[in-house]
Amino acid sequence: MIRLVQLSHSKDGRRVGAVEQSQLRLLRATDSVYRLAQAALAEQRTLEQMMTSSAGSDVLDYEAVYRGDSDWRLLPPFDHPDESARCLVTGTGLTHKVSAENRQAMHAADKPAIVTDSMRMYQWGLQGGRPTPGKIGVPPEWFYKGCGAILRAHGEALEVPPSGLDGGEEAEVAGVYLIDSSGAPRRVGLVLANEFSDHKLEQKNYLYLAPSKLRTCAIGPELIVNGEFQEARGTVRIRRGGQVIWSQALATGEKNMSHTVANLEYHHFKYAAHRRPGDVHIHFFGADVFSFGDGIELANGDIMEIELAGFGRPLCNPIRIDQSEQQQLISVEPI
């Protein structure tokens, strides 16, 4: 399995590194996985072949970079290096049983016998989200998070803006994609991800789901190339003041989902606007556990930690809550 990271240096700029146990081997003549993938497409080679032929002699201490004790810092492992607006960040919800149960409890707290639209959509996925190869299954829930400007790397803070009510982790795996010159989506790999949402806002009314998703999110630290996603297990933790205040086992992968990845991908890329040559897509596959569902309210400075077997080092991000007393009123003036 190949694992890649993207890094930045104040003087040397951006680079790509291949994970070799405790080291990162820098690749020559490329500043991004995006351009490495573009070159692979142009030369009709695999990403693995391009990485092998580009491997240089310079290596970095991965542990120092990961801890933030190096002049090199980690970037999100995939992005559009030139134009963040050409990276579309989206996702699918209600693909795991626990997410559906959390939504059910959130939106039918006073009438638990009612089957909410969220639970109904999850049940549709159970019935039709795993079509036989070559067939089209039932559409999943789909949501928009933002463009590439909202992506954060391992170690960077995820922000709750003054207009937000809270912020909570959503431990997931995301697929990362590049649209080739013919307009066909090409999967570059998989990443560990924290989708991060405003659950208190969504709890007010399920129609607030859309704005509850408009938050920063994190992917990484590593891009998994040629990884399988049948079953993946790990742990999600919340640390406060150095102590673990909440922890739950995480189970994801197709065996634990109501939809196949192929069905999620079809229903995202069936739209022509999602197949513009040269665009990048980060697409979340859905969460299994939530600290919010257990009544945990994250505080400023809490660390969200997501660990998943087969996905490299854990993804850790602090939460930063903008504690301004008042929201800034944004006025629109005519031209």
Can you spot the aspartates and glutamates whose alpha carbon is less than 13 Å from LYS255's alpha carbon? Ignore those fewer than 8 places along the same chain. GLU228, GLU231, ASP288
Considering only protein heavy atoms and a 1.4 Å probe, what is the carbon-and-sulfur percentage of the accessible area of the chain? 49
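What pairs in LYS11/LYS145; LYS213/LYS270; LYS204/LYS270 have C-alpha atoms more than 29 Å from each other? Numbers along the way, then the final one.
Details: LYS11/LYS145 32 Å; LYS213/LYS270 22 Å; LYS204/LYS270 32 Å.
Exceeds cut-off: LYS11/LYS145; LYS204/LYS270.
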Scoring segment 198-335 by relative contact order with C-alpha pairs under 8 Å, at least six apart, yields a percentage of 26
Can you give the accessible area per residue of segment 181-306, in Å², using a 1.4 Å probe? 39
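Write down, largest first, the equivalent ellipsoid semi-axes of the chain in whole Å, where each equals the square root of 5 times an eigenvalue of the alpha-carbon gyration tensor.
Details: eigenvalues 193, 120, 81 Å².
The equivalent ellipsoid of the chain has semi-axes of 31, 24, 20 Å.
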Evaluate the distance, in nm, between pseudo-label points positioned 7 Å from the Cα of GLU101 and of ASP71 along their respective Cα→Cβ axes. 5.1
Suppose every Lys and Arg Cβ carries +1 and every Asp and Glu Cβ carries -1, with no other charges. What dipole size does the chain come out with about its Cα centre, to the nearest 20 debye? 760
Working from Cα positions, state the angle (0 to 90°, nearest 10) between the long axis of helix 117-128 and the longest principal axis of the chain. 60
Work from the charge dipole of the chain (Cβ charges, +1 for Lys and Arg, -1 for Asp and Glu, about the Cα centre) and give the residue of LEU165, ILE224, GLY155 farthest towards its positive end. ILE224
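Does segment 184-335 come out rounded, prolate or oblate by the C-alpha gyration tensor, with a ≥ b ≥ c the root eigenvalues, rounded set by a/c under 1.5 and, if not, prolate when a/b is larger than b/c and oblate if not?
Working: a/c = 1.81, a/b = 1.10, b/c = 1.65.
Judged from the Cα gyration tensor, segment 184-335 comes out oblate (a/c at least 1.5, b/c at or above a/b).
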Point-to-point label distance, GLU333-SER8, nm (Cα→Cβ direction, 7 Å offset): 3.1
Rounded to whole Hz, the Karplus (6.51, -1.76, 1.60) HN-Hα couplings of segment 76-86, x for glycine and proline: x, x, 8, 6, 9, x, 10, 8, 4, 5, 8
Using eta = 0.890 mPa s and T = 25 °C, Stokes-Einstein with Kirkwood Rh from Cα pairs puts D for segment 1-74, in µm² s⁻¹, at 197
Between ARG35 and VAL115, with labels modelled 7 Å along Cα→Cβ, what's the label distance in nm to one decimal, could you check? 5.4
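As an exercise, use a Förster radius of 51 Å and the Cβ-Cβ distance of LEU207 and ALA42 to find the FRET efficiency, rounded to the nearest 0.05. Display every interim value, and only then the final one.
Details: r = 45 Å, r/R0 = 0.88.
The value I calculate is 0.70.
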Positive dipole terminus of segment 40-93, leading residue within SER53, LEU75, GLY93 (C-beta point charges): GLY93
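Given a cut-off of under 8 Å on Cα pairs at least six residues apart, what relative contact order in percent is computed for segment 159-202? Could the numbers behind the result be given before it?
On the way: 68 pairs, mean separation 20.4, N = 44.
Here the relative contact order equals 46 percent.
The values are calculated or read from the model by the stated rules, or taken from the named source; none is laboratory data. Everything numeric here is computed off the predicted structure, so don't read it as measured data. Positions of Cβ are generated from backbone atoms using ideal geometry, with glycine treated the same way; all protein chains shown enter the neighbour counts. Surface areas here come from the heavy atoms of the whole protein model, side chains and all, with no ligands, DNA or RNA. Shrake-Rupley method; radii C 1.70, N 1.55, O 1.52, S 1.80 Å.
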